[in-house]
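> The following block contains the structure, expressed as structure tokens.
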């Protein structure tokens, strides 16, 4: 009997919605929620022995969350881990991707499901990910695909795009039968014939965002200042990259009234930082924000600012930063943000 | 961040780009190297401009929007 552990988020585990997004990893015996149908799809030779779950905010923003979740998974001695479907939900997708990558590194076979535009997809690396629908309205079809893919993974077979596989697969070099010039001409002809999606390499697509509800009144709100202008303490003590940033940082501003020249600098490589270094508030407007807070126009300024360098940042990383900033700010009770861009 | 329910005012210079990628609340700035500044002004005037920008940002996050919306600082607005 193949032992399977299933990972889902707090919502699909039946704990609640956004109000439970902060809960720590936990588990229930057997299959839960969508896991029940998944268990049927896996057939009689496999059993979902446990369902591990975690709050989306916790999973996406707490340091070491993936390792904690993996420990719970491993405690049931699984042969295979299945995570998702996460659909388009960014924090859930990120959690599944990180957990999947950790499981893979620990030698545990894994298969994950999420929508192909899920911002978490990039963190999955080369582990098997199959496409799900964009929302849980497509649960049934998504589970069908995930169940079929899981059966193949259990059997030790590789997944291909025929199975709905998305994301990176380990690159294998092959020799094409035709030259690039011939393939390029064929591609142009295919496009002229009406196939607008044909391509050898898919480019990142920008998706539609549903705007958040506005806040009632800034005078009663907690507002965060965030920036991609790479403003950091003088000396760049944490080594923020000037281009192609792979990380972001946070710095406390609780007792700080303004970012003084000389105390802070911009390390952004995409423009001349001389004006910013003369007055870092030209990038992060702390001086006026603090005054507005004192005057009562802003309820409260968040105690830290978040920063990265928006210079040649990959779309995938930028998406990830956005998800992580959102999770951190939500956990801290921040209700709105002012993001300065350079 | 907007998707997670945090209305976010984006202060930026390349407004059409922000619109294209779908940023819902956009406040146009005067230059890439100084999103919250304007070095052509005196120190005091620049600070007034910065105040106007941040106040506009606060207005943007308090306003319902359904698609990329530009919130320029009104020229006649004073800090």
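Since every read-out is calculated from the coordinates, none of them should be taken as a lab result. These numbers were taken from a predicted model, which means no experiment stands behind them. Backbone-built Cβ (ideal geometry, glycine too); neighbour counts: all protein chains shown.
> If the elastic network links every pair of Cα atoms under 10 Å, which of A:156, A:167, A:133 fluctuates the most in the Gaussian network model of chain A?
A:156
> Here is a further query. Please compute the average number of Cβ atoms from other chains found within 10 Å of each residue's Cβ in peptide B:34-45.
5
> How big is the shadow of the Cα convex hull of segment A:202-285, averaged over all directions, in nm²?
Averaging across all directions leaves 8.1 nm² for the Cα convex hull.
> Would you give the gap between the C-alpha center of segment A:1-69 and the C-alpha center of segment A:278-342, rounded to a whole Å?
33 Å
> Could you list A:223, A:267 so that the one with the fewest beta carbons within 10 Å of its beta carbon is first and the one with the most is last?
A:267, A:223
> Is segment B:10-70 rounded, prolate or oblate when judged by the Cα gyration tensor, a ≥ b ≥ c being the square roots of its eigenvalues, rounded requiring a/c under 1.5 and prolate requiring a/b larger than b/c?
oblate
> Right, another one. Would chain A count as rounded, prolate or oblate if I go by the C-alpha gyration tensor, calling it rounded below 1.5 in a/c and otherwise prolate when a/b exceeds b/c, oblate otherwise?
oblate
> Still on this structure, I have one more. Apply the a/c threshold of 1.5 to the C-alpha gyration tensor of segment A:2-166 and tell me whether it is rounded, prolate or oblate.
rounded
> Something else about it: Mind checking the angle between helix B:43-61 and chain B's longest principal axis? C-alpha axes, 0 to 90 degrees, to the nearest 10.
Helix B:43-61 and the main axis of chain B meet at about 20 degrees.
> May I pose another question? By how many degrees, 0 to 90 and rounded to 10, does the Cα axis of helix A:286-295 deviate from the longest principal axis of chain A?
Compared with the principal axis, the helix lies near 80 degrees.
> Moving on. Choose one answer from A:116, A:63, A:177: the residue with the largest mean-square fluctuation in a GNM of chain A with alpha-carbon springs under 10 Å.
Residue with maximal mean-square fluctuation among A:116, A:63, A:177: A:177.
> Same structure, new question: In degrees from 0 to 90, rounded to the nearest 10, what is the angle of the helix A:65-74 Cα long axis to the longest principal axis of chain A?
Its long axis makes an angle of about 20 degrees.
> What is the projected area of the convex hull of the Cα atoms of segment A:213-256, averaged over all directions, in nm²?
Mean projected area for segment A:213-256: 4.9 nm², to one decimal.
> What number, rounded to the nearest 500 deg cm²/dmol, is the helix-based mean residue ellipticity at 222 nm of chain B, given -39500 (n - 2.57) per DSSP H run of at least four residues and division by all its residues?
Result for chain B, helices only: -10500 deg cm²/dmol.
> Pick from A:155, A:303, A:332: which is most flexible by mean-square fluctuation in a GNM of chain A where alpha carbon atoms under 10 Å apart are linked?
A:155
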